Amino acid sequence: MSTQGYLEIAVALPVFATFTYRIPEHLMFLAQPGVRVLAPFGQRKITGYILGKSSSTDLDQVKYILDVLDETPLFPESMIPFFKWVADYYLYPIGEVIQTALPSGLSRREVSRYALTDTGCRMVQDNALSPVQQEILRTLQLKPLDFKGISRVMGASITRSVLLGMEKNGWIEKIRSLQAEKTRRRQEMYVTPAVADISGLTLSRSQKRIMEAVLSYGDIPVRELNRQIPSASRKLSGMEASGWVHIAVRTLYRDPFGDPVQPDTPRILTPEQQDVVTVVESALGKGYKPFLLKGVTGSGKTEVYLQLADKAMQNGRNVLVLVPEIALISQIERCFRARFGDCVSVLHSGLSAGERFDQWHRIASRQSPIVIGTRSAVFAPFERLGLIVVDEEHDSSYKQDTGLHYHARDIALVRARMDNAIALMGSATPSLQSYHHVMTRKFYGLTLSQRIENRPLPQTRIVDLRQFRDQRGIWKIISPELHEAMTQTLARGEQTLLFLNRRGFASFPVCAACGEAVRCKNCSISMTLHQKEQVYKCHYCGASRPATSACAICGSSHIKLLGMGTEKIEAAVKALFPQARIARMDRDTVSRKGALLNILKDLRSRSIDILIGTQMVAKGHDFPYITLVGVICADISFSFPDFRSSERMFQLLLQVSGRAGRGESPGQVILQTYNPGHFIISAAMQQNYAAFYEREIHFREKLKYPPCSRLIQIKFMGKDEDKTREHALHIGALCQHLKKNLPAYRSVEILGPIEACLPRIATYHRWQILLKSVHISPLRQMAKDMIFSYRRDIQNPHVSVSFDVDPVFML
């Protein structure tokens, strides 16, 4: 049988297979890879994505697709092998991989709602019904609702069997309808004049006003015309028929950019920068090649990216630039817009759904050869990629921790290989994994060892906090050395940055009567006092309770506020320097749209004297007037039960130190610690990455942790503690069974099952199993066996199970 007209479709559902559908003849001209279709799936209608012609030979009873939803592809055909690779590597359904990649709100599916029948209306007051049945009928008197909506309005959980019985009795009926797309093109009606002079026209008074307004504007939205002349819309169709005006629908572009930027020109490169540009430029257009650029803070990595982007575009290639967090988008986006103008697009979660939709279509329609974004931008719908830049490649924010557990840096390398592009990863503190790849010659190493204009690296002083243990109040937080340095910095009119990687006021409030911590009711963690809002907050699930709450154990209202956060540092610094202009930059202060940009603007305009912040101030920002960095306590993350905690702490200390002295004035760093002899502290003080790497890689080799091995984490989450533990133990036994009976899995080390370090988050109990091997192949094959061959063992109605390939978050 001919396969003409048969298509391979990936559906936006948690199913791993693709499906064969037939295309009706009248839709054949629209059917091309990368467009969405509406397809029947069982009793439902759902969104699917055309991947190409079907190669299936089983074409009996193939269903027809119902509609093609796009005129042009949402992604190029060349991206389909990339999507398939991501789905296979991360053990995730391909339809949901594509759905994750696309802007949100594009999926259409059939939804079911329950409505009262005429019989049901008469039965509302029937006392023969159970109380639950009566409540359901009363609830549906208001409006039709879906299953979750009925439970939400009633404030109680109900079973589907109750609804099924009521449906069979004819009291309620199920209504199926297609859910509309939540995101679409923004369109507006515009009016333009069809004549240049109205003196010869016979017009009513209102028509004359309309024509005068249209002629004065040249073109005007109908909405704005209606605001000025309320009767305008009713008269426009007649005026168009008379040939006086034209009415047309226009697609509007939602601009995500803020203030305009001043154009700039390429800067003269240092000899080291020129060497890097020359090496990478010589590789452009000659196939895949991965580079790691290790450049000290302030060495001008961004200018290298800009000049290489220009070289790639001159060769007719597109450029993708990834940054780890939205906080860094503003700075690098301004640099690229100043150099390249309107050809730059951005993709990140801070955009509205409409802005992201418009940016996606600009890229897909080849209007934008440069894209800057956070991890999700790795899926930008590019063809002819020439250069992928991964800035701050060490940052753990590139790892997606929910849904599709992809690592943007890793799949950027895969995408570069598939597109025969250059992958350039940059960092002052590379991940051990990437640096290890340089040492083993999997990556090509590049170095910028000097700051631009030969500016010196900041001088670091260590303050031993143990000598201030008996101090009270402010002086336990701010040492005399730091206080004196801040005083001198303020006197010189320069800026100070104080770093503490913990937000809130008191991170460990405890009852003074019984010693019990103020704990979150949903999580196995203590809450943090946020003094400004006068609430205790959980930083994991977001739960809160009033600061006036008594102890949940003994009822005492005497709560001792132990621990510290950026809010407490802010209060202390205001007391020490009442005349200084002080700002705080953490998740609490930048949650409102535009708040982060305002802080960065104030820093640039020198409207801030002292900035206090968490790790978001340490990442890649260029603050030229900051000459003093004070690390309040360098020990906070030392004891985390994670084999990468030393690496993260070292990177964070070096990165925050690198914010000092980036302008014309030299910088200094004061690093306060209770562990002055720790090798991380001494390596950070000397800014000696090589020494840290040699020591840390020795530990990883001995313990066989990445980059000297590979990991897959199996995560279990359930609301019932016993059922979660039992299912984790059951899967653990399955892992041991596979290892014992299949020789291919003998090299796999199985750690666990064990309760997670944080056993409960957001009411869910958590367990985990860690699969470890020197090679990834047996790990992935073992996980695939469990997912596909032992599906019934894995699936559990009370416990969710997910597989995280190359996990980053171990808590």
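Output the number of the condition that GLY677 fails; it satisfies all remaining conditions of (1) free of Cβ contacts under 8 Å to residues at least 60 places away in the same chain; (2) part of a loop (DSSP other than H, G, I, E, B); (3) open to solvent by less than 50 Å² (accessible area, probe 1.4 Å).
It is condition (3) that GLY677 fails.
Where the second residue is open to solvent by 10 Å² or more (accessible area, probe 1.4 Å) and the first is at pLDDT 85 or above and lies in segment 327-338, which pairs have Cβ atoms under 6 Å and are six or more apart or on separate chains?
Sorted first by the residue in segment 327-338, then by its partner, the pairs are ARG334/VAL261; CYS335/THR302; ARG337/VAL261; ALA338/VAL261; ALA338/PRO263; ALA338/ASP264.
Table: residues versus (1) buried (at least 17 other Cβ atoms within 10 Å of the Cβ); (2) out of contact with any strand residue (DSSP E or B) (no Cβ under 6 Å at 6 or more places or on another chain).
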| site | (1), (2) |
| --- | --- |
| TYR540 | yes, no |
| ALA552 | no, yes |
| SER556 | no, no |
| THR566 | yes, no |
| ILE569 | yes, no |
| PHE577 | yes, yes |
| ARG581 | no, yes |
| MET585 | yes, no |
| SER591 | no, yes |
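If you go through segment 437-444 one residue at a time, do you hit one that is more than 16 Å from GLY295 (Cβ to Cβ), open to solvent by less than 30 Å² (accessible area, probe 1.4 Å) and either charged (D, E, K, R) or part of a loop (DSSP other than H, G, I, E, B) (or both)?
Just the residues of segment 437-444 that are more than 16 Å from GLY295 (Cβ to Cβ), to begin with: 437, 439-442.
If we keep only those that are open to solvent by less than 30 Å² (accessible area, probe 1.4 Å) as well, we get none.
The answer is no; no qualifying residue exists.
Would you point out the residue of segment 455-503, among those that are open to solvent by less than 40 Å² (accessible area, probe 1.4 Å), among the β-branched types (Val, Ile, Thr) and not in a helix (DSSP H, G or I), that is farthest from HIS678 (Cα to Cα)?
THR496
Is it the case, given these coordinates, that SER345 is polar (S, T, N, Q) and either more than 14 Å from the chain's Cα centre (by Cα) or buried (at least 22 other Cβ atoms within 10 Å of the Cβ) (or both)? Let's see the steps before the verdict.
On the way: polar (S, T, N, Q): yes; either more than 14 Å from the chain's Cα centre (by Cα) or buried (at least 22 other Cβ atoms within 10 Å of the Cβ) (or both): yes.
Taking the combined requirement at face value, the residue satisfies it.
Regarding segment 541-552, can at least one residue be identified that is at pLDDT 90 or above and part of a helix (DSSP H, G or I)?
Checking segment 541-552: not a single residue is at pLDDT 90 or above and part of a helix (DSSP H, G or I).
Residue check: is THR72 touching a residue at least 60 places away in the same chain (Cβ under 8 Å), among the polar types (S, T, N, Q) and under 20 Å from PRO103 (Cα atoms)? Working first, answer last.
Working: touching a residue at least 60 places away in the same chain (Cβ under 8 Å): yes; among the polar types (S, T, N, Q): yes; under 20 Å from PRO103 (Cα atoms): yes.
Yes: the conditions hold for THR72.
Here is a check on your reading of the model: is GLN615 closer than 25 Å to LEU758 by Cβ, open to solvent by 40 Å² or more (accessible area, probe 1.4 Å), touching a residue at least 12 places away in the same chain (Cβ under 8 Å) and not aliphatic (A, V, I, L, M)? Steps first, answer last, please.
Details: closer than 25 Å to LEU758 by Cβ: yes; open to solvent by 40 Å² or more (accessible area, probe 1.4 Å): yes; touching a residue at least 12 places away in the same chain (Cβ under 8 Å): yes; not aliphatic (A, V, I, L, M): yes.
Criteria met by GLN615.
Where in segment 76-152 are there helices (runs of 4 or more DSSP H), lying fully within it, with 3 or more residues that are farther than 30 Å from ARG780 by Cα? I'd like the intermediate steps shown before the answer.
Details: elements: 80-89, 94-101, 118-123, 131-142.
Of the helices (runs of 4 or more DSSP H) lying wholly inside segment 76-152, those with at least 3 residues that are farther than 30 Å from ARG780 by Cα span 118-123, 131-142.
Has segment 412-424 got any residue that is closer than 19 Å to LEU628 by Cβ, open to solvent by 10 Å² or more (accessible area, probe 1.4 Å) and part of a loop (DSSP other than H, G, I, E, B)?
Keep residues of segment 412-424 that are closer than 19 Å to LEU628 by Cβ, which gives none.
No, segment 412-424 contains no residue that is closer than 19 Å to LEU628 by Cβ, open to solvent by 10 Å² or more (accessible area, probe 1.4 Å) and part of a loop (DSSP other than H, G, I, E, B).
Would you say ASP401 is part of a helix (DSSP H, G or I) and surrounded by fewer than 22 Cβ atoms within 10 Å (Cβ to Cβ)?
no
Hey, ASP358 hits all of (1) surrounded by fewer than 19 Cβ atoms within 10 Å (Cβ to Cβ); (2) in contact (Cβ under 8 Å) with a residue 40 or more places away in the chain; (3) farther than 30 Å from ARG648 by Cα but one; which does it fall short on?
(1) is the only condition that ASP358 fails.
Evaluate segment 693-700: report whether one residue or more is closer than 21 Å to LEU770 by Cβ and not in a helix (DSSP H, G or I).
Here is the first cut: in segment 693-700, the ones closer than 21 Å to LEU770 by Cβ are 696-697, 699-700.
In the following step, the residues that additionally are not in a helix (DSSP H, G or I) were identified as none.
Among the residues of segment 693-700, not one is closer than 21 Å to LEU770 by Cβ and not in a helix (DSSP H, G or I), which makes the answer no.
Considering only residues that are under 31 Å from the mean Cα position of the chain (by Cα), among the aliphatic types (A, V, I, L, M) and at pLDDT below 85, which ones fall in segment 101-125?
Selection gives LEU106, VAL111.
Considering only residues that are crowded, with 17+ Cβ neighbours inside 10 Å, among the charged types (D, E, K, R), in contact (Cβ under 8 Å) with a residue 40 or more places away in the chain and not in a helix (DSSP H, G or I), which ones fall in segment 702-760?
ARG710, LYS715, ARG760
Select the helices (runs of 4 or more DSSP H) contained entirely in segment 220-326, then report the ones holding at least 3 residues which are open to solvent by 20 Å² or more (accessible area, probe 1.4 Å) and closer than 30 Å to ALA660 by Cα. Let's see the steps before the verdict.
On the way: elements: 222-228, 232-241, 271-283, 301-314.
It comes to 271-283, 301-314.
State all residues of segment 9-40 that are open to solvent by 40 Å² or more (accessible area, probe 1.4 Å) and either outside any strand (DSSP E or B) or under 23 Å from ASP88 (Cβ atoms) (or both); if no residue qualifies, say none. Steps first, please.
Narrowing segment 9-40 to residues open to solvent by 40 Å² or more (accessible area, probe 1.4 Å): 14-19, 22, 25-26, 28-29, 32.
PRO14, VAL15, PHE16, ALA17, THR18, PHE19, GLU25, HIS26, MET28, PHE29, GLN32 - these are the residues of segment 9-40 that are open to solvent by 40 Å² or more (accessible area, probe 1.4 Å) and either outside any strand (DSSP E or B) or under 23 Å from ASP88 (Cβ atoms) (or both).
The values are calculated or read from the model by the stated rules, or taken from the named source; none is laboratory data. Worth saying up front: this structure is predicted, and the values here are computed from it rather than measured. Positions of Cβ are backbone-derived with ideal geometry, glycine not excepted, and every protein chain shown enters the neighbour counts. Heads up: the accessible areas ignore ligands, DNA and RNA and are worked out on the full protein's heavy atoms, side chains in. Shrake-Rupley method; radii C 1.70, N 1.55, O 1.52, S 1.80 Å.
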